[in-house]
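To keep things clear, I will list the structure first and then write my remarks on it.
All of the numbers you see were taken from the coordinates with simple rules; none came from a lab. For clarity, every value in this text was computed on a predicted model and none was experimentally measured. A quick note on method: Cβ atoms are made from the backbone with ideal geometry, for glycine too, and the neighbour counts reach across all protein chains shown.
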Amino acid sequence: MAAIYENSKFEQVKWENDMYCAVRICDLNQWQRGKINRVVSETTVEVVLYDFGTKEIVNIICLRKLDEKLKPIGTLALECSLVDIRPAGGSKQWTATACDCISYYLTGAIANIIIQENDGSEPLPVKIFCNDEAGQLIDISEYLMKKGLAFRNKSDADPEKPLEVALKQESPCLNELILETECTPKCLVPEKEVTLSVNEPKEHESKKLVLKSRMDGAYKPPIIPDMKELQAIINCIGDDGTIYMVPKSLENELNKLMTDIQNNFKCLGLLEPYCWRKEEACVVRGSDTMWYRGKVIEVGGGTVRVQYVDYGYIEKIPQCHLYPVALYADIPTFCIPCQLYKTVPVGNFWQQDAVELLQELLTKRVVEIHFLELLLSEAGAPVLPPYTMLTLPIPGELFPVSVKHLVSPNKMYICLESAEGLNQESDTEDSGVSWDLESESLDQVLKHCNQNVESLPFLTDFRTEMPCLAEYSDGLWYRAKLLSIKEFDPVNILVEFVDYGSSEKLPTSRLRQIPSHLMQYPVQAVKVLLAGFKPPLYDTEKKRIPYCPEWSMQALWAMMDCLQGKKLYASTVVSFSFYFLPNMSYLGF
């Protein structure tokens, strides 16, 4: 197109709807194919750039007749639609907030798209997975439902669909198990707490979504019994001498889980190419043709080395026998890895004959286990649950807030304020972390931790979202979580201070393991999107926010001036965005 139109001259044409044209995109200095969508005025028209799926209002000076040689080439952009969801609120039209949310995550992003059905018609029904701000893969459909911007279609109960499995009502045992495990702590929980609930599941829970997407990362670790002795079934012995066992008391629950997996998961496996990652959760079709929960250990050639997380077995599997989802992700794995206490193999290496002897003596037998020592996770840090989120007032109710961290003019982190605490000054600058925590008890616990911080071990587990204590520039330690590793030599990690929303790149020497009792407090800062306005389509300001170029620095400073020192009130529109009322008046430019 550049060769055809680079030196072309403007010609007066009477443009009408549905006429094909060539459009010069001035910002990109590029010619693209388009189709007239509507005539706005004598000098401007709205065109659909059908190779990109976007609409632009352009001056007719930028239009040329489309060359006949370019018309037969098919549309290069595919029209897709998210399957099995509908707009929230009863409307058939998607709200601007939902569209903004989708646009925020997908525009310009590299995403994984799985076509659910291809009968040649458009739009194609698809599932879309993309990375969020923390680099975690999220299912856009699930995310919209989680944020209250979409509902699942009522007809969505077909167990044959590969990315969605309905939990059948005739399997109440697993419903109860899911409900029970959701309300138990995620750290070391006594085995006796993993019992079936006697309460009947509510009607709306009979179709609970049990298939989690890749964004969940991994299955929950097994629950370690708090008893010193128990009976267990030995499933297998690893090459490194690790003994994989399942408590005898959980045998029935494991059998029920396997029955429900076979009844509910119907899939031929993943036939298209897929980039597997180490430690990724998956579903495995074993040599016995049954489906199992698994995780990827190693990828090589056309096979993947996987571990059956509920049994401990490790096996090489063809890639077509795996599916990249975490099935029944709310249920912890059943298999517990163990080691013989103070038993070191000759030469510090388990020889094959020693492993075979253990297999002969222990495999498939019921044995009595004596717990003598609880090891830390492989990385050396205790396995902790994620931080709990702050509960917000119901939609429509006004509540006082303070702004802790400003990301852009319409994105920020807020804290709930008590009515008495509104005279305290809010910290809206990136460079400050204030000490006005809403919870006095959290304030006291953090103060005590700062006084004894030298007794806390350094952080050694650097997985994404890992809770920790991080040292801020003021020399004090605050609750934080890991976002990503930014540099490797030396190692620098991007962390977010969860009670304030600000982030900073820190060396490992400024990260320590967080005491477990600090995890009981919900995060104090909530990330919000202000409803009712968005970046301007045309902005002549040259200074842009580097990480958010759709906004100018002038707009950011203007928003800071609006918020600084004001008494702020918020009202939840949906669980994704807010209206702000400084001094009880609507905020706007």
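Observations, loosely collected:
- Fully extending the segment from Phe371 to Asn17, taken as 0.36 nm per residue of separation minus the present Cα-Cα distance, adds 119.8 nm.
- Taking each residue as 0.36 nm, the span from Arg463 to His448 lengthens on full extension beyond its C-alpha to C-alpha distance by 2.7 nm.
- For segment 1-99, averaging the sequence separation of C-alpha pairs within contact (under 8 Å, six or more residues apart) and dividing by the residue count gives a relative contact order of 20 percent.
- Highest-first packing order for the peptide set 32-45, 533-546, 457-470, 73-86 is 457-470, 32-45, 73-86, 533-546, based on the mean count of other beta carbon atoms within 10 Å.
- Sorted from longest to shortest, the spans of the Cα atoms of segment 231-347 along the three principal axes equal 47, 36, 24 Å.
- Glu279 paired with Cys320, simple spin-label distance in nm, labels 7 Å along Cα-to-beta-carbon: 3.1 nm
- With K and R counted +1 and D and E -1, the other residues having a Cβ less than 11 Å from that of Asp18 yield a net charge of +1.
- Here segment 80-152 is treated as an ellipsoid with the same Cα gyration tensor; its semi-axes, largest first and in whole Å, are 18, 18, 10.
- Distance violations [Cα-Cα > 26 Å] among Lys14/Lys69; Lys256/Lys342; Lys127/Lys543; Lys65/Lys534; Lys481/Lys566: Lys256/Lys342; Lys127/Lys543; Lys65/Lys534; Lys481/Lys566
- With a Förster radius of 35 Å applied to the beta-carbon distance between Asn255 and Ile110, the computed FRET efficiency rounds to 0.25.
- Spin-label pair Glu79/Met227, simplified geometry with 7 Å Cα→Cβ offset, distance in nm: 6.3 nm
- Length available on full extension from Glu117 to Ala218: 0.36 nm per residue minus the Cα-Cα distance, which gives 33.6 nm.
- By the count of other C-beta atoms within 10 Å, a proxy for reagent exposure, Cys320, Cys62, Cys26 are ordered fewest to most as Cys26, Cys320, Cys62.
- Note on Gln351 and Gln339: their simple-model spin labels are 2.1 nm apart, each label 7 Å out from Cα toward Cβ.
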